[in-house]
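Undergrad: The structure under discussion is supplied below as structure tokens; questions concerning it will follow.
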Amino acid sequence: MKLRRALRRSAATLALGATTLGMVTLSSAPAHAAAICGGDVSIYGILADGRLTYTAISPNTGDRVKTLIGTNLGFTPKAMATLNFNTVLVTSTAGDLYRVDIQTNDNALALAGVTKIWDGGWTFDKMTYDGYGHLYGTVAGQLHRYNVSQAKPSGSAHIAKHAVIDEGFVLKTLAAAGDDVLIASTADGRLLSYQINGVGDWESSELKSAGWSAVDNLVSPGGGLYYGRTNGGMYWYHDADPTDGKGTDIAYHSDDPVDASGWTQTLLSAYASDCTYQPPIPPSPTPSTQGGQIARSEVMSRAVNWLNRDIPYNQGAYASDPDGDHSYRTDCSGFVSMAWHANTSYTTYSLPNVSSVISKSDLLPGDALNTQDGHVVLFEKWVDKAAGKFSYIHEANTTDDMMRGQDYLNGGSDARIAGHAASGYVALRYDKIING
């Protein structure tokens, strides 16, 4: 064991005293995370006997700095969400909502008070707060959201604008990872990420398809840091880019856990604004020339230009591109040709001459879905890739003109995408497109 970790373990053991947590720190070379944090990660918890706990963890090394145990809350807790460093919301099994005020979590965990702020109706099995004014809860597969307007809310005046986001959120764990960003694991082992935009408007990404079934509690302080409890041990993970909807860049620290055992709390909740993610500033891609290489970001920028200008649909007319240097036919294939900065306005029959067929599951922003019976749409992004749901931009028709739409690869209930049979669409990737 390295001396640094041995000393830290001793300090943590003194802080625990004669408690029942029995946490242990394994010896292993620490890995380093890149999240920007204002200090240690704060995680509150509740033991089976109703006592509140507080744990501080170093975000850079995953080392537990201290664990403190407070008094019994005086009711049987069901779900909890940390609002800030000294305020925790906790529901009871009777459906009441309590605000737990922390007086200090420095050398001891002392409470300033436990106040019932809502009588009944709070039956959520899981709760989480995103640090940006949004409190989420799940019950019977529904995802609910409230707006929280005060650091110390006193009831419905400060916890309001209740909305049911949607059905189908059957989750084993739930945590907030940013502004209206949630992460969750499922009983079958998937790790999911959600971007919540509003009622019925959300996007889902499958970060991992398996391997998370043993995680029974998941928390996040933001910044791409995730902490998952497995078989009583607390493990930490770092998502290098928590905004990309991909799990390939999640670093596991299985050989260097926060603790290999001892996390016996029935509930856990992290302060979601402890850390932030600051994306690197990418180099500006070289602007394309007509018929030359073009970055995906520029394709989408060009597409949004026509969308914002609401260019009217007309197979016999032309409109300028964003640069004003070239004009393209104002129908569906002319729009895609413009977005690709192609040499000319292709048709649905000739677009395959300057592109390659790809699997629909490999679609990326700037690719296209083309049907030679008369329509093509520009793929924008996945809304829920596991379900085949995506968004697209297209020059629709003489009634609707430029539109942004959402659909399923199989066309959903009517088996159609943008009014055309889903089975007739082929995914195309422009020969000159590059990532960036």
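Undergrad: Does Tyr132 satisfy being out of contact with any helix residue (DSSP H, G or I) (no Cβ under 9 Å at 6 or more places or on another chain), open to solvent by 50 Å² or more (accessible area, probe 1.4 Å) and farther than 20 Å from Thr76 by Cβ? Step through it out loud before you land on a result.
TA: Details: out of contact with any helix residue (DSSP H, G or I) (no Cβ under 9 Å at 6 or more places or on another chain): yes; open to solvent by 50 Å² or more (accessible area, probe 1.4 Å): yes; farther than 20 Å from Thr76 by Cβ: yes.
Yes, satisfied.
Undergrad: Could you list, in sequence order, all residues of region 354-369 that are surrounded by fewer than 24 Cβ atoms within 10 Å (Cβ to Cβ), under 34 Å from the mean Cα position of the chain (by Cα) and either among the aliphatic types (A, V, I, L, M) or not in a loop (DSSP other than H, G, I, E, B) (or both)?
TA: Of everything in region 354-369, those that are surrounded by fewer than 24 Cβ atoms within 10 Å (Cβ to Cβ), under 34 Å from the mean Cα position of the chain (by Cα) and either among the aliphatic types (A, V, I, L, M) or not in a loop (DSSP other than H, G, I, E, B) (or both) turn out to be Ser355, Ser356, Val357, Ile358, Lys360, Ser361, Asp362, Leu363, Leu364.
Undergrad: Separate question: Given region 252-353, what strands (runs of 3 or more DSSP E) lie entirely inside it while holding 2 or more residues that are over 25 Å from the mean Cα position of the chain (by Cα) and of a type outside the set (A, V, I, L, M, F, W, C)? Steps first, please.
TA: Values: elements: 267-270, 314-320, 327-330.
The strands (runs of 3 or more DSSP E) meeting that bar are 314-320, 327-330.
Undergrad: To continue, here is another question. Give region 136-170 a look and list any residue that's more than 21 Å from the chain's Cα centre (by Cα) and open to solvent by less than 20 Å² (accessible area, probe 1.4 Å), or say none.
TA: Those that are more than 21 Å from the chain's Cα centre (by Cα) and open to solvent by less than 20 Å² (accessible area, probe 1.4 Å): Pro153, Gly155, Ile159.
Undergrad: Got at least one residue in region 415-422 being without any contact (Cβ under 8 Å) to a residue 12 or more places away in the chain, in contact with a helix residue (DSSP H, G or I) (Cβ under 9 Å, 6 or more places away or on another chain) and either open to solvent by 60 Å² or more (accessible area, probe 1.4 Å) or closer than 13 Å to Cys332 by Cα (or both)? Before the answer, list the steps.
TA: Quick first cut of region 415-422, residues without any contact (Cβ under 8 Å) to a residue 12 or more places away in the chain only: 415-416.
Now restrict to residues that are in contact with a helix residue (DSSP H, G or I) (Cβ under 9 Å, 6 or more places away or on another chain): 415-416.
Narrowing further to those that are either open to solvent by 60 Å² or more (accessible area, probe 1.4 Å) or closer than 13 Å to Cys332 by Cα (or both): 416.
There is at least one residue in region 415-422 that is without any contact (Cβ under 8 Å) to a residue 12 or more places away in the chain, in contact with a helix residue (DSSP H, G or I) (Cβ under 9 Å, 6 or more places away or on another chain) and either open to solvent by 60 Å² or more (accessible area, probe 1.4 Å) or closer than 13 Å to Cys332 by Cα (or both).
Undergrad: Is it the case that some residue within region 314-321 is closer than 18 Å to Glu380 by Cβ, surrounded by 15 or more Cβ atoms within 10 Å (Cβ to Cβ), modelled with pLDDT of 95 or more and not charged (D, E, K, R)? Before you say what the answer is, go through the steps one by one.
TA: Initial filter on region 314-321 (closer than 18 Å to Glu380 by Cβ): none.
Scanning region 314-321 turns up no residue that is closer than 18 Å to Glu380 by Cβ, surrounded by 15 or more Cβ atoms within 10 Å (Cβ to Cβ), modelled with pLDDT of 95 or more and not charged (D, E, K, R).
Undergrad: Next up: Somewhere in region 203-213, is a residue over 13 Å from the mean Cα position of the chain (by Cα), of a type in the set (Phe, Trp, Tyr) and open to solvent by 60 Å² or more (accessible area, probe 1.4 Å)?
TA: No - not one qualifying residue is present in region 203-213.
Table: residues versus (1) open to solvent by 40 Å² or more (accessible area, probe 1.4 Å); (2) touching a Ser or Thr at 6+ places or on another chain (Cβ under 8 Å).
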site	(1), (2)
Gly324	yes, no
Ser327	yes, yes
Asn343	yes, no
Thr371	no, yes
Asn397	yes, no
Ser413	yes, no
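Undergrad: Under the condition of being among the small types (Gly, Ala, Ser) and touching a helix residue (DSSP H, G or I) at 6+ places or on another chain (Cβ under 6 Å), which residue from region 363-414 is nearest to Ala295 (Cα to Cα)?
TA: We begin by selecting, within region 363-414, every residue among the small types (Gly, Ala, Ser); these are 366, 368, 374, 386-388, 391, 396, 405, 411-413.
Imposing the further condition that a residue be touching a helix residue (DSSP H, G or I) at 6+ places or on another chain (Cβ under 6 Å) reduces the set to 366, 368, 411.
Working: Gly366: 9, Ala368: 15, Gly411: 28 Å.
Taking the candidates together, the pick is Gly366.
Undergrad: Pairs only if they're at least six apart or on different chains, beta carbon under 7 angstrom, first in region 195-213 and more than 21 Å from Leu135 (Cα to Cα), second open to solvent by 60 Å² or more (accessible area, probe 1.4 Å) and among the hydrophobic types (A, V, I, L, M, F, W, C); list them, first residue then second.
TA: Pairs that qualify, where the first residue is more than 21 Å from Leu135 (Cα to Cα) and the partner is open to solvent by 60 Å² or more (accessible area, probe 1.4 Å) and among the hydrophobic types (A, V, I, L, M, F, W, C), are Glu206/Ala386; Ser213/Ala187.
Undergrad: Still on this structure, I have one more. So which of Arg64, Arg5 is farther than 28 Å from His134 by Cβ, buried (at least 18 other Cβ atoms within 10 Å of the Cβ) and modelled with pLDDT under 90?
TA: Values: Arg64 fails: modelled with pLDDT under 90.
Residue meeting the stated conditions: Arg5.
Undergrad: Out of all the residues in region 85-127, which are among the polar types (S, T, N, Q), loosely packed, with under 13 Cβ neighbours inside 10 Å and over 21 Å from Val41 (Cβ atoms)? Explain how you work it out, then say what you get.
TA: Of all residues in region 85-127, those among the polar types (S, T, N, Q) come to 86-87, 91-93, 103-105, 107, 115, 123.
Now restrict to residues that are loosely packed, with under 13 Cβ neighbours inside 10 Å: 93, 107.
Within region 85-127, just Thr93 meets the criteria.
Undergrad: Let me ask another. For Tyr252, work out the one condition from (1) under 30 Å from Lys381 (Cβ atoms); (2) in contact with a His (Cβ under 7 Å, 6 or more places away or on another chain); (3) among the aromatic types (Phe, Trp, Tyr) it doesn't fulfil.
TA: (2)
Undergrad: Give me the residue from region 71-84 that is open to solvent by 20 Å² or more (accessible area, probe 1.4 Å) and in a loop (DSSP other than H, G, I, E, B) and, out of that set, nearest to Val181 (Cα to Cα).
TA: The extreme case among them is Thr76.
Undergrad: May I pose another question? Within region 231-251, track down each residue that is open to solvent by less than 30 Å² (accessible area, probe 1.4 Å) and either of a type in the set (S, T, N, Q) or not in a loop (DSSP other than H, G, I, E, B) (or both).
TA: Those that are open to solvent by less than 30 Å² (accessible area, probe 1.4 Å) and either of a type in the set (S, T, N, Q) or not in a loop (DSSP other than H, G, I, E, B) (or both): Gly233, Met234, Trp236, Tyr237, His238, Asp239, Ile250.
The values are calculated or read from the model by the stated rules, or taken from the named source; none is laboratory data. Given the structure is predicted, the values throughout are model-derived calculations rather than measurements. Please note: Cβ atoms are built from the backbone with ideal geometry, for glycine as well, and neighbour counts cover all protein chains shown. The protein model used for the area step is the full one, side chains on, heavy atoms only, and it has no ligands, DNA or RNA in it. Shrake-Rupley method; radii C 1.70, N 1.55, O 1.52, S 1.80 Å.
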